[in-house]
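Some notes on the structure that comes next.
The values are calculated or read from the model by the stated rules, or taken from the named source; none is laboratory data. Computed from a predicted structure; not experimentally measured. We place every Cβ from the backbone using ideal geometry, glycine too, and count neighbours over all the protein chains shown. Heavy atoms of the whole protein, side chains included, go into the accessibility calculation; ligands, DNA and RNA do not. Shrake-Rupley method; radii C 1.70, N 1.55, O 1.52, S 1.80 Å.
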Amino acid sequence: MALVEISGVNKHFGDFHALKDINLSIEQGEVVVVIGPSGSGKSTLCRTINRLETFESGSITIDGKPLPEEGKALAKLRADVGMVFQSFNLFAHKTILENVTLGPVKVRKQGKAEAEKRAMELLTRVGVEQQAAKYPAQLSGGQQQRVAIARSLAMDPKVMLFDEPTSALDPEMINEVLDVMTGLAKTGMTMVVVTHEMGFARKAADRVIFMADGELVEQATPEEFFTNPQSARAKDFLSKIL
Ligand code: ADP
Ligand code: MG
């Protein structure tokens, strides 16, 4: 069984059909890039996998287990399924080090010393170890987003979701974040990445998923997708962005 199994998932917001019969299996270690026009349901899909949104029909399993509804099991799921958002969402009144140690201590029940040691390793890996004692507002957007990645990794997630992680960044900071993500992909992390960075998709993706109007319209290798898109909607989308 795949690490993430999404089958027949439908999601409405009131009368609006936001996810239409989504079927998607993501294997351990796979990097799936999700692209598509604004409003096509990419964020909703990520949020549904992390159970930030409910859905009406179908099923989602992570590592063979259905998404829990609430309580401790839900907290554990959120730790297993890391999520990095467009807005960095760091805790403003905690230091960088505290941002990274909080989850492991509270949810994973690690000791403080152990959590701090691991946090420093992760901050070093994303290149912001010098900033450990500072507060988020003292860091650049690119640095904050790298901290957000380190914070998710500190929970030892089974899969990482990235929802347009570089869209809010100044252009000169985009690559420093994409480089961290490319490095993470090489370590074998299972990743779902919503992005408009087609260079990243070509380089890092095992598979590209194209969404439009709440449907999963097309999936292919990056090579196939960018050179020979099948659907009219994908052709139209690519003609506008490439
Ligand atoms: P994308 O990330 O591809 O731009 P979203 O998943 O954010 O698209 O949104 C898909 C559609 O669902 C959009 O039309 C959006 O307006 C709608 N939508 C998203 N969240 C909500 C919500 N909480 N309530 C109502 N409609 C929503
Ligand atoms: Mg979105």
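Grab the beta carbon distance between Lys65 and Asp21, set R0 = 25 Å, and tell me the FRET efficiency rounded to 0.05. Between Lys65 and Asp21 the formula returns 0.65. Which whole number in µm²/s is D for segment 123-206 by Stokes-Einstein, with the Kirkwood Rh taken over Cα pairs at 37 °C and 0.692 mPa s? The calculation lands on 249 µm²/s. Helix 112-125 and the longest principal axis of the Cα set of the chain meet at an angle near 60°.
Can you classify segment 159-242 as rounded, prolate or oblate using the Cα gyration tensor, where a ≥ b ≥ c are the square roots of its eigenvalues, rounded means a/c under 1.5, and otherwise it's prolate if a/b beats b/c and oblate if not?
Working: a/c = 1.85, a/b = 1.48, b/c = 1.25.
Prolate.
Regarding segment 82-171, what's the average projected area of the Cα-atom convex hull, expressed in nm²? Please report the intermediate quantities before stating the final value.
On the way: hull surface 21.7 nm².
Computed as one quarter of the Cα hull surface, the answer is 5.4 nm².
Segment 10-79 and segment 156-192 have Cα centres spaced 19 Å apart.
Rounded to the nearest whole Å², what accessible area per residue is found for segment 113-199 with the 1.4 Å probe?
Each residue of segment 113-199 exposes 41 Å² on average to a 1.4 Å probe.
By accessible area of protein heavy atoms, probe 1.4 Å, what ranking do Phe162, Phe237 get, highest first? Present the calculation step by step, with values, prior to reporting the outcome.
Numbers: Phe162 0, Phe237 20 Å².
Order by accessible area, largest first: Phe237, Phe162.
For segment 33-105, a/c is not less than 1.5, where a ≥ b ≥ c are the root eigenvalues of the C-alpha gyration tensor, and a/b does not top b/c. That puts it in the oblate class. Taking a quarter of the surface of the Cα convex hull of the chain gives a mean projected area of 13.2 nm². The long axis of helix 232-241 is offset from the longest Cα principal axis of the chain by roughly 50 degrees. Contact order for the chain, expressed relative to its length and based on alpha carbon pairs under 8 Å spaced 6+ residues apart, stands at 27 percent.
Between Met1 and His196, the contour length at 0.36 nm per residue exceeds the alpha carbon distance by 67.2 nm. Overall shape: prolate for segment 114-156, with the ratio a/c of the largest to smallest alpha carbon gyration tensor axis at 1.5 or above and a/b above b/c.
At a Förster distance of 30 Å, what's the computed FRET efficiency of Gln86 paired with Thr54, Cβ-Cβ distance as r, to 0.05? Could the numbers behind the result be given before it?
Details: r = 22 Å, r/R0 = 0.73.
After rounding to 0.05, the efficiency reads 0.85.
The angle between the Cα long axis of helix 141-153 and the longest principal axis of the Cα atoms of the chain comes to about 90 degrees, rounded to the nearest 10.
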